[in-house]
Each structure stands twice: as C-alpha cells, then as structure tokens.
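Written below as structure tokens is the structure these notes are about.
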Amino acid sequence: MKHFLAFAFLTSLATHSFSQTLALADEIVVTASAADETVESTPASVTIITRAEIERREARDVADVLREVPGLSVSRTGAAGKITSVFIRGGSSKQALVLWNGVEMNNAYLSAYNLGQLSSAGVERVEIVRGPYSALYGADAVSGVINILTIPDSSGVSADVEAGENGLMNGTANFSHAGDRWMAHAAVEGRRDDGFEANDDYTGDSLAGGFTFRPRPTIHIGATARISRYDLGIPRNPNSTFTEFVPTPLRREDGSESQIVVPLRVEVGALRFDLRLSESRRHDEFVDPGAPFGGEFAETDARTRSGRAMLQTSHRGGGVISAGLEVEKAEAEHVDSFGLDVDSRNRDSWSLFAEERLSMRRGRGSLELTLGARFDEFETFGSEVSPRIGVAWLASANKWRAAYGEGFRAPALGELYVPFFGNPDLGAERSRNLEVGFDRFLSASSMVSVTIFSSEFDDLIAYDGSTNRFDNIAAATSRGAELGFSGRRGAFTTAVSYTYLDAVDESDDQRLLRRPEHSGSLSIGFDASSLAGNLSIIHAGERPDVTDLVPFGRVTNEAHTTADLTFHYELGALTPYVKIENISDEVYQEVFGYPSARRRVIAGIRYALRNRS
C-alpha cells in the first residue's frame with residue numbers, strides 16, 4: 001500500500017499544471033498564530049478541512065475526516081460512538097489539544113479528549129496545526145492542535161436525512177444568517193445506530209448555535225454554545241479469567257458535553273482588544289451489572305473555566321504584536337465501584353503570552369517570521385516557559401519553512417489524586433520539536449507539502465511499579481516525514497497523504513503503541529455537472545498494541561486498508577446521495593481486541609439553500 005501511495009503521489013505531481021493563481025494559498029488560518037494569516041504565509045505545518053470536504057465524504061464524525069491528515073493516527077475501540085483517540089506525530093492522545101472555536105475540550109480528569117461522540121454537524125472547518133503550540137495555548141498543546149470551527153461566513157439553510165444498514169438513522173438541520181450587524185447560526189443532529197453486534201448501539205444528539213452583534217463596525221460581541229448527549233452499548237469485555245472476550249449485554253455508557261464561549265472585540269485605530277470567557281463541561285457514566293466480579297460502575301465530572309484577554313497591534317515594520325493573559329480553573333470528581341474515588345479537586349493556573357508576527361518583503365520574495373513565548377504558573381506543580389519560532393521564505397509559489405517549539409502537558413487531576421496510584425508531586429511532561437518543510441502551490445486549488453520533523457518527549461508520566469504510583473519516569477523520541485498533495489484537473493480532484501513515523505520508548509527502544517510506522521490515504525473525486533463522486537482509501541500499517549487478555553503483553557496489530565465510496569446527484573436544492581462504507585468489508589481492529597465497523601450501505605438526501613464561500 002505504501003508503494004501504491006508513493007506512486008499515486010508522484011503521478012499526481014507529474015500530471016498537474018503549474019499555474020501561479022493562488023486562491024488556495026490565500027485561505028485564512030486562525031489557529032497557528034495569534035494573528036490571522038494565510039496558508040501561503042504561515043510558517044506552520046497546517047491542514048484545513050472545509051465543510052465542502054466533509055459533505056463530499058458524507059463524514060458524520062470529525063474523527064473520520066482526521067484520518068486523511070498527514071501526521072495523524074486515529075484509533076477507535078470498535079464501531080461508532082466508542083472511545084476514539086488521536087495521535088499527532090507520535091505524541092500520546094493526552095498531548096494533542098482539541099479546541100472548539102478556540103475553547104479547550106480536553107478532559108481535566110484524564111487530559112485526553114475522546115472524539116468518539118464528536119459529530120461533524122454544524123462544523124464549518126477543522127484546522128490542524130502540527131508541532132508544539134504551548135507558546136500560544138499553554139498546557140496539552142504538545143504534539144499539535146485540532147481546532148473545530150462552527151461559525152459560518154454566509155447565510156443559508158440546509159437539512160439532511162440518511163438511513164443505512166444496521167439500523168442507522170441520522171438527521172441534521174442547519175441555519176445561518178450573515179448580515180452587516182447581525183450574524184446568527186444553529187445546527188441540530190439526531191442519530192440512532194444499532195451497530196454491528198448485540199449491544200453495539202449508539203444514540204447521539206447535539207445542538208449548537210450562536211450569534212454575533214456589531215453595534216458599531218469596531219465592536220463585536222457574541223456568544224456560541226454547544227451541547228451533546230450520548231448513550232451507547234459496549235458489546236464485549238474479557239471474561240473472569242481474562243482468556244477470551246465474551247458478550248456483555250448489560251455493559252452501557254452514557255454522558256453529555258457542553259461548551260460555551262462569550263467573545264468581545266473592540267478596535268481603536270491600529271489597536272485590537274479581544275476578551276473571551278469560556279466554559280467546557282463533560283459528564284460520563286458507565287455501568288455493567290453483569291460484570292464477572294459483580295456490578296461495576298463509574299461516574300466522572302470535569303469542568304474547565306477560562307478567561308483570556310489579548311491586545312494586538314500592527315506596526316510599520318510589517319508585523320503584528322500580540323500580548324495577553326489567561327486564567328483557568330479546572331475541576332474534576334470521580335467515583336467508581338473499585339474505590340478509586342476522587343472528591344472534587346481543582347487545578348488553577350494563570351499565564352502571560354506574547355507573539356511577534358512579521359512579514360517582510362525582500363526583493364522578489366517574502367520573509368515570514370513568528371516568534372512567541374508563554375509563561376504558565378500552575379498551583380499544582382509550578383511554572384513552565386514555552387517558546388516557539390517559525391520562519392518561512394516565499395518566492396515564486398515556493399515556500400521553504402522551519403520551526404522550533406517546546407510544549408508541556410500538565411498532570412491530569414486523576415494522575416495527581418486518584419487513590420493508591422496518584423502522585424500530587426508530579427511535574428509536567430515536556431517536549432521539543434524541530435521541523436523543516438517545503439510547500440509548492442501548483443495552481444489555484446493545488447499544492448504539495450513535505451515536512452521532516454524530530455521530537456523529544458521527556459518526563460513522561462507513567463506507572464512506576466517500584467513505588468506503585470504515577471511518576472515522571474519515561475521518555476520517548478519521534479522522528480518522521482509527512483507528505484501531502486491536493487489538486488484538481490478538470491472535473492477530477494486528487495488528495496494524497498503519507499506519513500513515515502519512527503516513535504520509540506527510550507527505555508527499551510520499542511515502538512510506541514498504536515502508532516503505525518507507515519500510514520496514508522488516497523482520495524479521488526469527480527464533479528461532472530450534476531453527478532459527483534468520491535473514493536477515499538485509508539491505510540494504517542502494522543503497529544504494536546497491548547492485549548486485555550492474559551498474559552497482557554504487547555501484540556502486533558495487523559495493517560489494514562479500507563475504502564469508502566460516495567455518489568451525489570444534484571437536483572437543484574435537493575441532492576440525493578449514496579455512500580458505501582468499507583467497500584471490501586475489511587475485517588480489522590484499530591484497537592486490538594475491538595472489531596471495527598464492517599461494510600454498510602447508506603442512502604440520504606440533502607436540501608440546501610445557501611451561499612458557501
């Protein structure tokens with residue numbers, strides 16, 4: 001498969017024209033810097049997924065579109081709704097920061113964010129920046145940042161209903177209005193899915209919306225919120241002797257999640273002041289009255305509140321200076337049937353950050369520079385200073401870039417305070433990353449990107465058998481290369497990604513779990529008048545994992561390749577479509593011991609009146 005992807009990549013380059021029209025390069029990126037910048041000018045390794053791409057693939061979940069991003073690996077413990085983790089450049093799932101309109105979603109009790117129930121309903125774009133960004137976002141932005149943006153820039157209404165095999169029913173509705181002074185938007189989704197075996201069902205509902213009001217052209221105030229609820233079955237678990245997986249008809253999980261953000265922007269001449277207040281909550285419950293050793297249950301509540309103020313100004317040197325402060329209060333509590341209860345615990349922090357974003361013309365080219373640093377003070381472990389520098393040289397549709405950054409992960413409240421194993425003296429995990437890259441903008445809708453990176457992770461938190469508690473005792477290195485290409489030729493579009501990853505534990509030189517050495521994707525689409533189609537192929541190479549069965553050692557999870565095929569036929573405002581997931585009915589496991597979804601045929605219809613930009 002990796003040889004096929006390399007051939008496809010080179011073939012796409014060889015057959016593409018080298019026009020200098022740079023519409024794609026002018027797309028705005030808001031995640032890689034405190035100042036807005038374009039895809040062409042940013043020194044960062046960045047990928048943007050638009051609403052149009054989500055609809056072209058008929059992806060119901062955000063995790064499903066992340067699988068085609070270079071440098072990312074996604075692992076789901078079974079079918080839809082189950083625990084889903086993302087690994088960026090070999091970092092752990094706890095070291096990937098997930099944002100919703102800039103608001104942190106990572107769970108304060110566990111650090112990681114579970115993407116299993118994160119629907120794509122109402123999502124306008126997803127921005128992924130790779131590398132450490134603690135200089136801008138603080139804790140947990142160790143290996144990269146995923147920012148899910150839901151605020152549209154145009155007016156429209158749409159509704160989508162689809163049904164598929166195994167009891168899938170999904171319905172969404174979207175509304176947006178963009179006026180001179182008012183902007184409002186809303187999205188709602190309801191999903192029912194029976195899954196692929198007994199007690200494999202998933203129910204998910206979500207509602208999101210917001211508004212922005214401009215009493216004057218220089219004043220913006222608004223609010224955006226989201227709430228979602230889920231209920232699912234867990235179809236299997238090890239038996240009492242841990243020798244095989246057995247059906248678990250009573251094993252269930254449900255929960256809810258919410259985010260709210262209230263932003264204010266005031267502009268006075270060259271000065272811009274931004275204030276953002278936000279809250280993110282998550283509640284999860286688990287129960288299994290039929291567990292082998294008696295009834296099991298667990299309940300976790302986590303909440304993070306933050307306030308962020310930033311002052312920004314441009315200067316004659318061609319740059320933008322940003323400086324600000326942020327305060328955050330994280331809380332969590334947990335209770336379970338094993339006695340590992342954590343009463344309400346807090347983790348308070350404050351930070352100061354500054355960034356200089358320079359753009360300087362030099363002859364026929366342009367020098368782009370980002371220089372930033374952030375100081376974070378945590379009451380639980382002390383302070384961290386996180387620098388980042390990125391530089392790029394642009395000339396004749398070519399961009400050479402390099403970046404160095406440091407990041408950290410704050411110990412989760414569970415790691416600090418869980419009975420028997422917690423360690424309140426834990427320090428932060430730390431990372432250093434160096435990367436160099438090259439981007440070539442081939443045409444108005446085409447580019448090729450190559451990045452080589454090297455990362456070191458120190459003071460990693462792991463269980464210490466000699467003290468029977470968590471401690472900062474581990475270290476790892478991650479080196480690799482990312483290749484990406486996207487382009488259009490006539491009615492056809494092509495997107496190719498490939499990642500080589502060498503991520504190892506420094507203590508024993510063994511590869512890190514669930515990180516494939518080779519992975520990639522190939523997407524081919526066409527849009528001929530009213531008929532459109534898209535074929536997406538995803539490949540994950542062989543990777544190490546662990547088994548939940550005796551003797552509980554490391555195992556090798558086999559490589560797998562899956563393909564999804566989608567057809568649309570536009571009839572004015574109506575667009576019926578058909579999607580076949582996992583065309584070849586591949587039998588595979590993204591997480592060892594938990595079978596992934598099999599082939600499924602889905603039919604749907606979309607009604608849309610809108611003006612997407």
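The values are calculated or read from the model by the stated rules, or taken from the named source; none is laboratory data. The structure displayed is predicted, hence computed values, not measured ones. We place every Cβ from the backbone using ideal geometry, glycine too, and count neighbours over all the protein chains shown. Just the protein is used for accessible areas: all its heavy atoms, side chains included, with ligands, DNA and RNA removed. Shrake-Rupley method; radii C 1.70, N 1.55, O 1.52, S 1.80 Å.
Tabulated data
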{"read-out": "Residue, farthest from the chain's Cα centre (by Cα), within segment 437-461, restricted to residues that are open to solvent by 30 Å² or more (accessible area, probe 1.4 Å) and small (Gly, Ala, Ser)", "value": "Ala444"}
{"read-out": "Qualifying residue in segment 601-613 (condition: at pLDDT 95 or above, in contact with a Phe, Trp or Tyr (Cβ under 8 Å, 6 or more places away or on another chain) and open to solvent by less than 30 Å² (accessible area, probe 1.4 Å))", "value": "yes"}
{"read-out": "Scan of segment 255-284 for residues that are farther than 21 Å from Glu331 by Cβ and charged (D, E, K, R), ordered by number", "value": "Arg265, Glu267, Arg272, Asp274"}
{"read-out": "Subset of segment 265-312 that is open to solvent by less than 40 Å² (accessible area, probe 1.4 Å) and among the β-branched types (Val, Ile, Thr) - its residue that is nearest to the chain's Cα centre (by Cα)", "value": "Thr304"}
{"read-out": "Strands (runs of 3 or more DSSP E) contained in segment 530-613 and holding at least 3 residues more than 27 Å from Arg192 (Cβ to Cβ) and touching a strand residue (DSSP E or B) at 6+ places or on another chain (Cβ under 9 Å)", "value": "531-540, 543-546, 554-557"}
{"read-out": "Odd one out for Gly324, checked against (1) open to solvent by 20 Å² or more (accessible area, probe 1.4 Å); (2) under 16 Å from Gly372 (Cβ atoms)", "value": "(1)"}
{"read-out": "Those residues of segment 400-424 which are open to solvent by 40 Å² or more (accessible area, probe 1.4 Å) and in contact (Cβ under 8 Å) with a residue 40 or more places away in the chain, in sequence order", "value": "Glu406, Tyr417, Phe420, Phe421, Pro424"}
{"read-out": "Failed item, numbered, when Asp508 is tested on (1) in a strand (DSSP E or B); (2) at pLDDT below 95; (3) open to solvent by 30 Å² or more (accessible area, probe 1.4 Å); (4) over 26 Å from Gly138 (Cα atoms)", "value": "(1)"}
{"read-out": "From the options Arg192, Arg226, Arg216, residue that is over 20 Å from Leu99 (Cα atoms) and touching a residue at least 12 places away in the same chain (Cβ under 8 Å)", "value": "Arg192"}
{"read-out": "Residue among Ser75, Ser158 that is among the hydroxyl-bearing types (Ser, Thr, Tyr), open to solvent by less than 10 Å² (accessible area, probe 1.4 Å), touching a residue at least 24 places away in the same chain (Cβ under 8 Å) and in a strand (DSSP E or B)", "value": "Ser75"}
{"read-out": "Hits in segment 313-332 (condition: over 24 Å from Glu279 (Cβ atoms) and either outside any strand (DSSP E or B) or modelled with pLDDT of 95 or more (or both))", "value": "Thr313, Arg316, Gly317, Gly318, Val320, Ile321, Ala323"}
{"read-out": "Residue count, segment 425-434 (criterion: surrounded by fewer than 23 Cβ atoms within 10 Å (Cβ to Cβ) and not in a loop (DSSP other than H, G, I, E, B))", "value": "3"}
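Let's see how each residue does on (1) touching a helix residue (DSSP H, G or I) at 6+ places or on another chain (Cβ under 8 Å); (2) part of a loop (DSSP other than H, G, I, E, B); (3) open to solvent by 70 Å² or more (accessible area, probe 1.4 Å); (4) hydroxyl-bearing (Ser, Thr, Tyr):
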{"residue": "His334", "(1), (2), (3), (4)": "yes, no, no, no"}
{"residue": "Gly339", "(1), (2), (3), (4)": "no, yes, no, no"}
{"residue": "Trp350", "(1), (2), (3), (4)": "no, no, yes, no"}
{"residue": "Ala354", "(1), (2), (3), (4)": "no, no, no, no"}
{"residue": "Ser359", "(1), (2), (3), (4)": "no, no, no, yes"}
{"residue": "Leu371", "(1), (2), (3), (4)": "no, no, yes, no"}
